[in-house]
1. If you average the sequence gap of Cα pairs under 8 Å that are 6 or more apart and divide by the length of the stretch 205-328, what percent do you get for the contact order?
2. Could you work out the relative contact order of the stretch 478-615? I mean the mean sequence separation of Cα pairs under 8 Å and 6+ apart, divided by the number of residues, in percent.
3. Note down the relative contact order for the stretch 432-519 as a percent, whole number, built from C-alpha pairs under 8 angstrom at least six residues apart.
4. For LYS612, go through the lysines and keep the ones whose alpha-carbon is under 24 Å away, minus same-chain ones fewer than eight residues off.
5. With 26 Å as the limit, write out which pairs from LYS45/LYS149; LYS94/LYS277; LYS142/LYS490; LYS94/LYS239; LYS149/LYS202 have Cα-Cα distances beyond it, or answer none.
6. Which of the lysines could a cross-linker bridge to LYS6, judged by Cα under 24 Å and excluding same-chain residues fewer than eight apart?
7. Roughly speaking, to the nearest percent, how much of the stretch 1-89's 1.4 Å accessible area is carbon and sulfur?
8. Based on the mean of other Cβ atoms within 10 Å per residue, sort peptides 440-452, 301-313, 602-614 so the most packed one is first.
Amino acid sequence: MADIIKLLPDHVANQIAAGEVVQRPASVVKELLENAIDAQATEIKLIIKDGGKSLIQVVDNGIGMSVTDARLSFERHATSKIQKAEDLFCLDTKGFRGEALASIAAIAHVEMLTKPEHDEVGTHLKIEGSKIVHQEVAVTPKGTSLTVKNLFFNIPARRNFLKSHQVELRHITDEFHRVALAHPNIEFHYYNNGSELFSLPKANHRQRIVHVFGSKTNQKLVPIQEDTKVVKISGFINKPEFAKRSRGEQFFFVNHRFIRSPYLHHSVVAAFEGLIKSGTHPGYFIYLEVDPSSIDINIHPTKTEVKFDDEQTLYAILRSCVKHSLGQFNIAPALDFEHDENMQTPYDYKNKAIIQPKVTVDSGFNPFAEANQRTTINRTYTKPNTQGWENLYVGLESQSGSQNAKDVYFESDTITGSIFQNQKEEIESVATTFQLRRKYIVTTIKSGMVVIDQSRAHQRVLYEKFLRNSTIKEAVSQQLLFPLSLSFSKADMAILKDIQNNLTAIGFAFEEIEGESFQITGVPLMVTESEAGMVLDQLISDYQLEVEENSFSQADILSKTLAKTLSVKTGEVLDNESQLALVNNLFACKESRVSPFNKPIFVTITEDEIDKKFM
Ligand code: ADP
Ligand code: MG
């Protein structure tokens, strides 16, 4: 048999390697910023266009490169940072694999301008698909400027896989944050489509964090400090009362490199145990310094995962260090776990009267009238007069006002109907409900009983209401007597800007979203003034997780978030009127069986089933 194995040509090998190193524009940004830092730059500019899809440029004032080095830097395994395998265990540079530039040049149009400090002139190189297509002598300042255009121009599948400009920009900003936080002694400037997003002067760690996340951050930070043989810990944790629903502000740096470590994260969370509500996450900016020989950074191409020699010891030290700071700053005893006002009213609304949670009964609410409206937004309701549904309301007419069950139209979709469809159930004419363990609403139907999860039911009701409002844009907004001023980080403000149309559609009213804070002048009918900040926080975090672009999914995320945040929770007592209204509204929903998060809302227990238990 003839020989069939061949060595891959370099440009193919580079493209394959690129798949590991470059997932999206943000990966290029990370590599270029790290190269600039390794080149000892004291000032770095990041310039982005269209979420990095058309342009990523990093300009540094570092050591620059000679002509030969400039050409060689685009070869695979070409690096000035290590020479032998042992060097891997005493790294003090970000890069060392010598593959970033080779990978990037294989999949984009790259231009480099570079000059070492003491050379008269510099070098200008153009590379397309791994080939140097242009080289000349150039007049350029000390340092290096690397321009990457048309990322993935030769891999359409990868290019198509990229998300919208906004989403890619968000990933870039995340990457920028990590690098900027790790190197406060370097000045950074970051531009997107011509406007400056960040301008960060040389600073200390605390100032850098505040510059990145906004002036309100300062008051949240508690310093941490620990010096041991194994590790030096410094940095900050956020005070427990600022724990957020999002995991946004959680950073570990090891020897000035951002890393992810679920294990170490756990140790911080463990230190916060009992101090923060479940479902919220502590913020932290933790800088670890360890002996480079005690870690392995080369376990992943993007170098964000690190293997520590002695992880368990590190875990214990970190946990006790964080605990110590929490105690020392007298934070722990100040907390009352049951009634932490800061948790419930994060924006200085502590003095407001407490409003008992209650399901609002909208006596004029006529779900069917709105069902008819919906036809105007191109929905088809083909199935007339489903008996089970009518009957459901027989006993309730007196409470729920004027609806005329005969005019009811339903969607043909089988899952949207009611569970009573086939069984022709009826709620007993005197509909009694009671609350079981502050968690379930129990009510009777002809054939037995229904047990309804109160929180999920309310989520469904609210979800449909908000979704409807945002689609037909008829939300009612309550004007605030005094505008409410809320502050957010720049990144969060950008998200709010992204979703502002949908926010308005559901009833938020505000002045222009700009800078670090903005004024809310109106809130949706269901949201109280004191909840507004919390609702927006939750929205930002959900939106970050989902990163959806089209406006329908935006409306969907928005409605889900509001439903989740505002719904009655397990443990809340509901009076009879509220219970009945909830049941009533639930079965007026288009889909009453599952919550917006796909969890079952109720179970039915038939008389037969009960009878069997007595046999
Ligand atoms: P690595 O960073 O792993 O060494 P890269 O492909 O990122 O590999 O870079 C290859 C080499 O090019 C580096 O080792 C460095 O010598 C040189 N280089 C890259 N970027 C710069 C820069 N901005 N300034 C000076 N030298 C650079
Ligand atoms: Mg590099």
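1. It comes to 29 percent, rounded to a whole number.
2. After rounding, I find 19 percent.
3. Value for the stretch 432-519: 23 percent.
4. Within the straight-line limit of under 24 Å, LYS612 reaches these lysines: LYS424, LYS446.
5. In this structure, LYS94/LYS277; LYS142/LYS490; LYS94/LYS239; LYS149/LYS202 lie more than 26 Å apart at Cα.
6. LYS131
7. Ligands and nucleic acids excluded, carbon and sulfur reach 56 percent.
8. Highest to lowest by the protection proxy: 440-452, 301-313, 602-614.
The values are calculated or read from the model by the stated rules, or taken from the named source; none is laboratory data. What you see is a predicted model, and the numbers here were worked out from it, not measured in a lab. Here Cβ is always computed from backbone atoms with ideal geometry, including for glycine, and neighbour counts include all displayed protein chains. We work out accessible area using only protein heavy atoms, side chains counted, and drop any ligands, DNA or RNA first. Shrake-Rupley method; radii C 1.70, N 1.55, O 1.52, S 1.80 Å.
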